[in-house]
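The values are calculated or read from the model by the stated rules, or taken from the named source; none is laboratory data. Here the structure is a predicted model, which is why all the values come from computation and not from measurement. Using ideal geometry, Cβ is built from the backbone for each residue, glycine included, and neighbour counts are taken over all protein chains shown. Keep in mind that these areas ignore ligands, DNA and RNA; they rest on the heavy atoms of the full protein, side chains included. Shrake-Rupley method; radii C 1.70, N 1.55, O 1.52, S 1.80 Å.
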Amino acid sequence: MTKRVLLIIAGGIAAYKSLDVIRRLREREIGVRCILTNAGSQFVTPLSVASLSGDKVFTELFSLTDEAEMGHIKLSRDADLVVVAPATADLLGKMANGLADDLATTALLATDKPVLIAPAMNPEMWAHPATKRNVEQLMRDGIHVVGPNEGEMACGEIGLGRMAEPDEIVQAICRHLQSSLGPLAGKRAIVTSGPTIEAIDPVRFLSNHSSGKQGHAVAEALHKAGVDVTLVSGPVREPAPNVDKVVEISSAVEMLQACEQALPVDIVVCVAAVADWRPADQQAQKLKKQAGEEPPSIRFVENPDILKTLAGLDSARPQLVIGFAAETENIEQNAERKLQTKGCDWVVANNVSAEQNTFGGVHNEVMLFRRGNRVEAWPKLTKQAVADQLVRRIAEHFDQRRDTDTAP
Ligand code: PMT
């Protein structure tokens, strides 16, 4: 999964070194998006920054085009790490005091990601009690600092204030990105979501009320935990979540094909409400209603069982196969039975009786059944919270496996 850095270039002579930082990050296949302050653009041009980063450079807080393409809040949260290099005395002062009067300071205040600063200024400015207070405050706020170093400054003075070298900054960035990798970093997963639709003729089909909310939430939560996620989704109105790949399908047969193409993976979570049957004969032309004739009867054939197929794979079986079970009665017995008959490792059972509003609703109340493990009943939660809790259980599972595998 590509890691991304938002690099803020403020106005200092050391800004030229930031171009090298961009180049080195790109060499390591780390995505770089840049904000150039007004003062920064006096030292390096937007064109050189854009050419090296391979992306648009953001400069103005109140630019209608910039906001339309990427709102400043999204800009501040899209990256895994925000880096300020060079971080000038002025910018440090604003950050320490929570000021937000331009795009850079607004993004810094709005971000929910770790921030790394590389201060650069004249030695007297660095030694000034005001700068010291600001840096201490920033460190208390959890901001990480690289440099400054001692050496000759552009103004000819010698002392502490030289921005850290590009290589040091890049190493600090890589260390932070490494530790920001989620608990399931490096794993791959398939998540199925939404309904399938099974055609009767070119205009009619059979389907169900699955909205994709639960499946999409599981896919996004796994992605946040560092998993490379392929989401295979039936037709839904739910916006596509932030995952690595989305494959849109219609029928159960297409869903199985898309899942098979995404193999091998470590984790499968089948949240989709797959139609158990499909019309045996899909009519090439629209069925006509003929006056006086009996309504047509539809003969069904069984659809492939995607969960069972993936759980039953010989060579490429994912290490953890999880199914969701939609039940309206005898939830525990039915979930236990599905655990056995489908051959999966875990079943997340939810009550889909009409009064629960599970299909399409925002909340879900589930029970987790794991082979050889005690059953967990979770309280009614948002589907997002169900997804987060499930991903925590998945991370614990892989942690335990790692401990067992490395035990003497
Ligand atoms: O999409 P939402 O509106 O957010 O609603 C979420 C949900 C209610 C659809 C979801 O939480 C849920 O319960 N999904 C499973 C629905 C279902 O098909 O349950 P089932 O008990 O019929 O099937 C059990 C498991 O077998 C499921 O993992 C299902 O994906 C899988 N299956 C079923 C049939 C089939 N032909 N192939 C399958 O893979």
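Take the Cα radius of gyration of the chain and divide it by 2.2 N^0.38 Å, with N its residue count; two decimals is plenty.
Cα-based Rg divided by the globular estimate yields 1.25.
Share of antiparallel DSSP beta bridges in region 149-298, in percent to the nearest 5? Spell out each step's value before the answer.
On the way: 6 of 21 bridges.
If I count the DSSP bridges inside region 149-298, around 30 percent turn out antiparallel.
To the nearest 20 debye, what is the magnitude of the charge dipole of the chain about its Cα centre, counting +1 on the Cβ of each Lys and Arg and -1 on the Cβ of each Asp and Glu? Provide the component values of the computation, followed by the final result.
On the way: 44 positive and 53 negative charges, 84 e Å.
For this selection, approximately 400 debye.
Using a simple spin-label model with points 7 Å from Cα along the Cα→Cβ vector, what separation in nm is obtained for GLN282 and GLU355?
Taking the simple label geometry, GLN282 and GLU355 are separated by 3.9 nm.
Choose one of VAL274, VAL246, ASN330: the residue whose Cα lies farthest towards the positive end of the charge dipole of region 226-375 (beta-carbon charges +1 Lys, Arg; -1 Asp, Glu; about the Cα centre).
Value: VAL274.
Charges only on Cβ, +1 for Lys and Arg, -1 for Asp and Glu: so what's the dipole of region 4-179 about the Cα centre, in debye to the nearest 20? It would help to have the intermediate numbers written out before the result.
Values: 17 positive and 23 negative charges, 66 e Å.
Taking the Cα centre of region 4-179 as origin, the dipole is about 320 debye.
Considering only DSSP beta bridges whose two residues both sit in region 188-406, what percent are antiparallel, to the nearest 5?
On the way: 14 of 39 bridges.
The antiparallel fraction comes to roughly 35 percent.
Nearest 10 degrees, 0 to 90: what angle lies between the long axis of helix 15-27 and the longest principal axis of the chain (Cα atoms)?
Approximately 30 degrees, to the nearest ten.
Calculate one ³J(HN,Hα) per residue across region 315-325 by plugging θ = phi - 60° into the Karplus curve 6.51 cos²θ - 1.76 cosθ + 1.60, and present them in order as whole Hz with x for glycine and proline.
Going residue by residue, I get 8, 9, 5, x, 5, 9, 10, 10, x, 9, 10 Hz, with x marking Gly and Pro.
Angle between the Cα long axis of helix 331-342 and the longest principal axis of the chain, 0 to 90 degrees, nearest 10?
90
Counting DSSP beta bridges with both partners in the chain, what percentage is antiparallel, nearest 5? Write out the running numbers ahead of the final one.
Working: 18 of 61 bridges.
Just about 30 percent of them are antiparallel.
For the chain, with all protein chains present and a 1.4 Å probe, just round the carbon and sulfur fraction of the accessible area to a whole percent.
Values: 10130 of 20620 Å².
Answer for the chain is 49 percent, counting heavy atoms of protein chains only.
Between the helical axis of 252-262 and the dominant principal axis of the chain, each derived from Cα atoms, what acute angle in degrees is found, rounded to the nearest 10?
40
Leaving out ligands and nucleic acids, note down the accessible area per residue over the chain with a 1.4 angstrom probe, in whole Å². Walk me through the intermediate numbers first.
Values: 20620 Å² over 408 residues.
Roughly 51 Å² per residue, with all protein chains present.
Using alpha carbon centroids, what distance separates region 305-364 and region 11-54, in Å?
49
When the Cα atoms of region 188-406 are enclosed in a convex hull and the volume is divided per residue, what value in Å³ results?
For region 188-406, the hull spanned by Cα atoms encloses 142 Å³ per residue.
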